[in-house]
1. Relative to the Cα centre, what is the charge dipole magnitude of chain B, using +1 at the beta carbon of each Lys and Arg, -1 at the beta carbon of each Asp and Glu, and rounding to the nearest 20 debye?
2. Roughly what angle does helix A:275-292 make with the longest principal axis of chain A, taking Cα atoms, 0 to 90 degrees, to the nearest 10?
3. So for each of B:270-283, B:288-301, A:40-53 I average, over its residues, the number of other beta carbons within 10 Å; can you give me the resulting order with the highest mean first?
4. Residue by residue through A:257-266, how many Cβ atoms from other chains fall within 10 Å of the Cβ on average?
5. Which Rg and Dmax, in Å, describe the Cα atoms of the stretch A:2-292?
6. Using only DSSP helix segments of four residues or longer, with each worth -39500 (n - 2.57), what per-residue ellipticity at 222 nm results for the protein assembly as shown after dividing by its residue count and rounding to 500?
7. Taking θ as phi - 60°, what are the ³J(HN,Hα) couplings along the stretch A:183-193 by the Karplus curve (6.51, -1.76, 1.60), each to the nearest whole Hz, with x for Gly and Pro?
8. Hey, got the dipole for the protein assembly as shown? About the Cα centre, +1 on K and R Cβ, -1 on D and E Cβ, debye to the nearest 20?
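Please treat every number below as a calculation from the coordinates, not as lab data. The shown structure was predicted, so the numbers you read here are calculated from the model rather than taken from an experiment. Virtual Cβ from ideal backbone geometry, glycine too; neighbours counted across all protein chains shown.
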Amino acid sequence: MDFIVNILALGIPFSVALLLASIGEMFNQRSGIFNLGCEGIMAMGAFIGMLIPYSVGQGGATAEIYNFLGIIAGALVGALLGLVFGVVVITFKAKQGIAGIGMQLFCVGAAGTLFRHFVGGTQSIPGIGKFYIPLLSKIPILGQIFFSHNILVYIAFLFVPLSVYILFKTPWGLRVRAVGTYPRAADSLGINVNRVRFQALAVGGALAGLAGAYLSLCQAKMFSDEMIAGRGFIAVALVYFGHWDPIKIMWGALLFSLAQSFQLAVQGQGINFPYEFAVMLPYVLVILTLAFSRDKKKQEPAALGIAFDREKRT
Amino acid sequence: MKKIVALSLMLVVLSASLFAQGGSEESAAKEDDGVVKVALIVENTIDDKGWCQAMHDGILAAQERMPGEIEYSYSEKMKPVDAGSAARQYVADGYDIIIGHGAQYKNLILEMADEYPDVTFAFGTSAEVGPENVVTYMPESEETGYLSGIIAATISKVDVLGVVGPVDGGDAARYNRGFVLGAKSVKPDVEVMVAHTGSFSDYIKAGEVAQSQIKAGVDVLTGSSQQALGALRATADYPDEDIWWVGQDLAQLKMAEGQLKCVAASSYDYAPVIVSLVENVKNGVKGGYCVPMNFANGGFIFGFNEALSDLYGSDLEDAINAQISEFVNNPNSVDWKSVDYSQL
């Protein structure tokens with residue numbers, strides 16, 4: 001029983017960075033833009049998130065304030081980078097795929113360079129500790145699985161219903177979906193397509209930056225320029241996995257992370273099985289699910305990847 | 001027009017001869033002043049508190065031991081595909097020894113060695129003996145792992161230990177298996193959980209492995225390569241619990257979480273390797289040999305964390321010192337290949 005409880009209790013915090021980044025990417029894609037630079041924005045968010053508590057608030061009573069300032073700064077930098085990406089693909093109408101790869105390379109490189117300049121070598125920080133929810137964390141089994149994590153875990157999972165509400169119950173969510181599905185029709189109704197897309201990119205970037213800051217402040221409690229290690233690309237894949245639906249994306253992030261937690265636990269049991277296959281397990285699981293779970297009712301946003309030009313008839 | 005062409009040709013010839021002369025003068029000066037130029041190429045950074053830093057520190061120590069005899073440069077963040085251009089630049093700049101620090105540079109080094117027979121190339125970890133201008137080095141890290149295993153098993157209260165491995169190969173495989181043997185030498189029934197991240201640099205995954213093992217009941221962990229810092233950091237999340245770390249780099253002892261959780265650590269000391277490499281090059285021996293690194297030839301150093309001296313007694317210190325003496329007298333005596341993780 002402990003074996004299963006441990007897998008579940010660890011799988012949930014492991015999923016948070018993926019969940020935040022993939023929900024952010026969902027907003028991007030819902031507006032018609034895919035941002036392969038997600039990985040890079042996460043790297044910058046991780047660096048900025050770590051830099052603030054490292055440089056101004058090492059330890060002491062005020063440490064927590066600086067940690068949360070780091071979280072906010074990570075999200076703000078992410079939003080800013082989302083807007084920069086918007087200038088490239090919306091204003092200058094660059095190809096989104098290539099621009100995203102460029103964004104990823106630039107941000108990872110910039111984060112590493114800035115890190116070396118401002119911090120130096122690998123450094124750890126106190127980071128954000130666990131927050132045990134009173135009473136609930138004392139419930140046997142469930143308390144350990146659901147209510148004994150750091151505060152960002154709870155916030156990340158609150159983003160799921162919040163994004164469902166924003167996307168499907170608010171006028172802005174409707175506009176985001178409209179510009180990602182049929183931008184010309186949205187434009188004819190007076191919606192400023194490019195402005196909505198910029199807004200969605202800012203939201204997506206902020207969540208990717210937040211995901212990065214989570215990794216450096218809550219999970220690793222340190223920074224290195226290779227620490228994102230492909231998680232940004234997995235987040236993009238999870239958007240397809242979840243058919244652009246926040247709840248399904250959450251299940252995808254949990255599936256990946258629980259598989260990760262499971263393979264780590266199994267490796268430790270000394271089962272005679274090549275560890276390389278165990279390490280591959282989460283990735284294989286996501287690919288298989290992507291391949292076999294095609295929901296014909298849930299098509300990708302029709303205008304995904306297509307730049308909008310109101311002077312052109314498309 | 002003809003005058004301009006003639007003048008241009010003359011300038012080209014003049015400048016070419018000037019540069020050629022400068023190059024030969026430089027070569028002559030190098031032979032005269034006895035300075036050996038050493039270049040290091042690493043995939044991470046020279047301050048990664050792990051694999052790359054150990055080599056960098058070793059070269060700096062060798063410079064101190066041979067004052068004025070070693071000129072040193074390094075290139076960081078070099079993927080094997082990028083390292084070729086850096087290595088060629090070093091050759092063009094007259095470097096005598098070029099070290100590709102990692103087995104991933106093997107193909108590049110062998111190719112370059114063939115192309116530039118007058119330059120000495122080195123790479124590791126590898127026990128292979130290469131061409132006559134290639135030097136390999138192989139840390140016999142089962143010795144350091146064995147010491148870590150003795151410490152871990154001795155201080156463990158629950159007799160369940162954890163190993164956070166990067167990959168099951170090279171010196172990491174030797175270290176991890178040595179750890180198992182060391183632990184079993186103290187407590188034959190001790191349980192050792194071994195898990196690999198599949199990466200040398202994924203700190204987050206190493207932290208996840210450590211958390212998974214701690215949740216499963218492990219109370220003393222170890223790990224090698226730079227990714228191990230993530231696991232060490234994870235142990236610091238249990239400041240008031242008896243969760244401990246045994247390190248594979250002395251730099252970890254100086255970190256805040258190392259001071260808190262790292263009981264002891266061992267390091268590779270590359271200084272003897274570099275000193276012998278430089279001396280051999282000076283004596284005209286460019287390569288064709290492998291340098292094993294062990295306690296007997298000064299390839300390893302070991303230290304306890306004095307801040308945690310209450311945790312280990314003088315008995316454990318004596319046992320470790322005795323084991324190091326044993327390694328010095330009988331190197332290569334740990335049968336690390338005998339360890340089968342599925343039998344643990």
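1. Values: 23 positive and 49 negative charges, 194 e Å.
Dipole size: approximately 940 debye.
2. Result, in degrees: 30.
3. Working: B:270-283: 20.2, B:288-301: 18.7, A:40-53: 30.4.
Listed from highest to lowest mean packing, they are A:40-53, B:270-283, B:288-301.
4. Details: counts 1, 0, 0, 4, 4, 1, 3, 14, 7, 2.
Average neighbour count from other chains, rounded to a whole number: 4.
5. According to the Cα coordinates of the stretch A:2-292, Rg and Dmax are 19.2, 63 Å.
6. Working: 24 runs with 369 residues, N = 658.
Estimated from H runs of four or more residues: -18500 deg cm²/dmol.
7. For the stretch A:183-193, the Karplus curve yields x, 5, 5, 4, 5, 5, 8, x, 7, 7, 4 Hz.
8. Values: 45 positive and 62 negative charges, 908 e Å.
Using Cβ point charges on Lys, Arg, Asp and Glu, the protein assembly as shown gives about 4360 debye.
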